[in-house]
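The values are calculated or read from the model by the stated rules, or taken from the named source; none is laboratory data. Computed from a prediction, not measured in an experiment: that's the story for all the values here. Here the Cβ positions follow ideal geometry from the backbone for every residue, glycine too, while neighbour counts run over all protein chains shown.
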Amino acid sequence: MTLLDDLATVKKNLSTCTIARITKQLSAKEAEALLKLIDDPEISPTSLSRVLAKNGFNVSRQVINRHRNRGKKELGCTCK
């Protein structure tokens with residue numbers, strides 16, 4: 001393989017954040033509860049990440065923090 005072949009396999013960046021994609025897979029009640037916990041600064045992102053992983057959703061604490069900071073240009077995720 002050449003560099004050109006490898007460059008052809010590079011995937012485009014997704015326009016939605018991980019949290020938004022997860023909430024679309026959940027029931028309305030579960031999505032609401034998740035977003036409420038994400039927005040609560042007293043909830044540990046690490047603990048929340050572990051609970052999500054236990055339920056089949058691989059989300060790092062950094063992703064949770066980035067989602068908490070949405071709306072802040074360099075710190076936040078793509079969500080508004």
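Got a sec? Which of VAL10, VAL63, VAL51, VAL59 is modelled with pLDDT under 95 and more than 12 Å from the chain's Cα centre (by Cα)? Of the residues listed, the single one that is modelled with pLDDT under 95 and more than 12 Å from the chain's Cα centre (by Cα) is VAL10. Taking the criterion of being in contact (Cβ under 8 Å) with a residue 12 or more places away in the chain and either surrounded by 10 or more Cβ atoms within 10 Å (Cβ to Cβ) or part of a helix (DSSP H, G or I) (or both), the residues of the range 1-24 that qualify are THR16, CYS17, THR18, ILE19, ALA20, ILE22, THR23. Looking only at residues of the range 33-43 that are surrounded by fewer than 12 Cβ atoms within 10 Å (Cβ to Cβ) and over 15 Å from the mean Cα position of the chain (by Cα), we find that the one that is nearest to ILE19 (Cα to Cα) is ASP40. Within the range 3-44, the set of residues being of a type in the set (A, V, I, L, M) and farther than 22 Å from ASN55 by Cα comprises LEU3, LEU4, LEU7, ALA8, VAL10, LEU14. I'd like to know if the range 33-40 contains one or more residues that are more than 15 Å from CYS77 (Cα to Cα) and touching a residue at least 12 places away in the same chain (Cβ under 8 Å). Checked against the condition, which is being more than 15 Å from CYS77 (Cα to Cα) and touching a residue at least 12 places away in the same chain (Cβ under 8 Å), the range 33-40 yields at least one hit.
Going by the conditions given, is LEU52 within 19 Å of CYS79 (Cα to Cα) and of a type outside the set (Gly, Ala, Ser)? Judged against the criteria, LEU52 is not a match.
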